[in-house]
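In what follows, a structure is listed as structure tokens, so that the remarks can point back to it.
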Amino acid sequence: MELTQAQIDWLNECTQGTWSLNKKGLVDIDGNFYCTRQDLKDFKGVKFGVVKGDFLCYYNNLTSLVGAPRVVKGYFDCSHNQLTSLEGAPQVVGGNFNCNNNHLTSLVGAPQVVGGYFDCSNNQLTSLEGAPQVVIGSFRCYHNQLTSLEGAPQEVGEDFHCYDNKLTSLVGAPQVVKGIFSCSRNKLTSLVGAPQVVRGSFHCENNKLTSLEGAPQKVGLDFHCENNPISKTALKLIHKTMVERDVPYIIALGILKTRINKKEFDKLSEGLSNDTLKGASMMGRFLCP
């Protein structure tokens, strides 16, 4: 592949370091490549190979990532474009991968391992299919149209933010989160599928919780549950009992029957028979004298 003078001038303008054309006709960058805020609709016909630093193409009018680098050892940032797909995205990213503020409806094409954070917030995602399965930093998928976390990374090194979606279940979430887990402002009625170990704080405020079934058994910092149909006081008491006595939700509920407002208790126990609740209470007394 021979480059035109216009392409050469563009590469010279945007490269911080040096660039070279490899035997496959791909442009390798020894350094960083910045082509931000240029109203680009594509990469001017240039196809990139390996970038040893960062590749930043945010705030353009890109509708496709065809031609994007195959390997970026630093950060890759294609945020604030017109992308509807990640096909063509780098498959190896050593630092952060940022694709927020686009029109993405799918993450198919994303790298499967990201060395920093992965940010796909402020898109139109209805599914996490195609998401990286290992994210060394934080995973951010807030402000989308997600109803499920199926396809989410199963290994996250820092925070997991899925607030401001339409989640009705947390099934698919990683079971261990090393930082904060936030599922606030969704449509959750229970916490089934939630991580069981959260080393930071756990946020489930502004949902429709009438059950703490599935709540994490270990939370390193605070358990935030404000603005649900059940009061913060009752939910925190139930969660505290689950954690301190190491019992599942239904046993904690049986233990606390006389300590929770009857109206709230009726909501919390909806669908459970009296025999089940009596059995849970007896089991609680047996396990936790």
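3J(HN,Hα) along the range 263-269: 4, 6, 4, 4, 5, 5, 9 Hz, from the Karplus curve 6.51 cos²θ - 1.76 cosθ + 1.60 with θ = phi - 60°, whole Hz, x for Gly and Pro.
Over 28 Å apart at the Cα level, from the set 178/208; 178/232; 47/166; 73/178; 166/218, are 47/166.
For the chain, the longest principal axis of the Cα atoms and the long axis of helix 232-245 meet at an angle of about 90 degrees.
Take every pair of alpha-carbon atoms less than 8 Å apart whose residues are at least six positions apart; their mean separation over the length of the range 142-228 yields a relative contact order of 24 percent.
Any idea what angle helix 5-14 forms with the longest principal axis of the chain, computed on alpha-carbon atoms, 0 to 90 degrees, nearest 10? It is inclined by approximately 50 degrees. So, counting K/R as plus one and D/E as minus one, what does the shell of residues with Cβ under 11 Å around residue 195 add up to? That sum, taken over residues with Cβ under 11 Å, equals +3. Using the Karplus relation 6.51 cos²θ - 1.76 cosθ + 1.60 with θ = phi - 60°, the per-residue 3J(HN,Hα) values for the range 155-160 come to 9, 10, x, 10, 8, 10 Hz, with x marking Gly and Pro.
A straight Cα-to-Cα reach below 20 Å connects residue 262 with the aspartates and glutamates 213, 226, 270, 275, residues fewer than 8 places away in its own chain not being considered. Quick one: of the DSSP bridges fully inside the chain, what percent are antiparallel, nearest 5? Once the DSSP bridges in the chain are tallied, antiparallel ones form about 15 percent.
Rounded to the nearest 10 degrees, the angle from helix 274-287 to the longest Cα principal axis of the chain is 90 degrees. Each Cα pair under 8 Å and six or more residues apart adds its separation to the average, and for the range 52-200 the resulting relative contact order is 14 percent. Once C-alpha pairs closer than 8 Å and six or more residues apart are averaged by separation and normalised to the residue number of the chain, the relative contact order reads 7 percent. Here the dipole of the chain is about 980 debye; that uses its Cα centre as origin and unit charges on the Cβ of Lys and Arg (positive) and Asp and Glu (negative).
Each reported figure results from applying straightforward, stated rules to the coordinates on display, with no laboratory input. A quick note: this is a predicted structure, and the numbers were derived from the prediction, not measured. Here the Cβ is made from the backbone with ideal geometry for all residues, glycine too, and neighbour counts use every protein chain on show.
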